[in-house]
1. How far apart, in nanometres, would the label points at LEU150 and ARG36 be if each is projected 7 angstrom from Cα along the Cα-to-Cβ direction?
2. How big is the C-alpha Rg of the chain next to the rule-of-thumb value 2.2 N^0.38 Å, as a ratio?
3. Pop the C-beta distance of LEU15 and GLU137 into the FRET formula with R0 = 25 Å and round what comes out to the nearest 0.05.
4. For helix 47-73, what angle does its Cα long axis make with the longest principal axis of the chain, in degrees from 0 to 90 and rounded to 10?
5. How much area per residue is accessible in the chain when the probe is 1.4 Å and only protein heavy atoms are counted (Å²)?
6. Using Stokes-Einstein with the Kirkwood hydrodynamic radius over Cα pairs, what translational diffusion coefficient do you get for region 13-74 at 10 °C and a viscosity of 1.306 mPa s, in µm²/s rounded to a whole number?
7. Check which residues have an amide H placed less than 5 Å from ASP128's amide H, if you skip close sequence neighbours.
8. Given the -39500 (n - 2.57) contribution per DSSP H run of 4+ residues, what per-residue ellipticity at 222 nm results for the chain, rounded to the nearest 500 deg cm²/dmol?
Amino acid sequence: MADPHSQPTDADLGLRLTLLNAALASKVVNVRRYTRHALLAQGACHDTMKAVFGLHARDEQDHALRLADRIQQLGGRPDFNVGGLMSRGDIHDEDGRTLVELLRENLAAERVAIETYRDLLPSFAGKDPVTRRLLEELLAEEEAHASALLALLER
Ligand SMILES: [Fe+2]
């Protein structure tokens with residue numbers, strides 16, 4: 001006989017899809033921010049910054065696709081509406097900002113992402129091992145992003 005506790009209720013699934021869509025929205029914001037910052041880091045002396053920001057933009061795009069794929073697999077609809085997040089985290093006057101300021105902003109965003117994934121994991125542990133593994137993989141990549149940015153800040 002099926003264990004009724006092993007089957008997600010619609011409410012459980014709806015909550016998990018909402019959490020995954022929030023994570024997806026933050027990925028889209030990160031793609032935009034890293035892409036803008038890669039463009040700001042022009043010039044030979046900033047090649048390393050440009051390369052790192054560009055690489056992170058591509059990684060964040062990959063994360064967004066993997067999250068959107070998983071949302072679809074779970075029967076949800078990926079939501080790319082990031083209006084609320086844009087007003088908080090994506091609109092800055094870029095003029096006059098130093099590369100150190102850009103690095104600090106990205107490091108802060110990575111740390112928020114790391115905390116977000118850590119907070120999300122208990123909602124999937126024991127209920128959805130596929131999504132849990134995905135979130136653990138994305139968490140590890142965000143930790144690598146934060147380490148790379150911290151290394152640049154400490155140079
Ligand atoms: Fe990241």
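1. 2.6
2. For the chain, the normalised Cα radius of gyration comes out at 1.16.
3. Numbers: r = 22 Å, r/R0 = 0.86.
The calculated FRET efficiency here is 0.70.
4. With both axes taken from Cα atoms, the answer is about 20 degrees.
5. So the chain comes to 56 Å² accessible per residue, rounded to a whole number.
6. Answer, rounded: 128 µm²/s.
7. none
8. Working: 5 runs with 116 residues, N = 155.
Calculated at 222 nm, the ellipticity per residue is -26500 deg cm²/dmol.
The values are calculated or read from the model by the stated rules, or taken from the named source; none is laboratory data. Fair warning: this is a prediction, and the values are worked out from it, not measured in the lab. Positions of Cβ are generated from backbone atoms using ideal geometry, with glycine treated the same way; all protein chains shown enter the neighbour counts. Accessible surface is based on the protein model in full, side chains and every heavy atom, while ligands, DNA and RNA are left aside. Shrake-Rupley method; radii C 1.70, N 1.55, O 1.52, S 1.80 Å.
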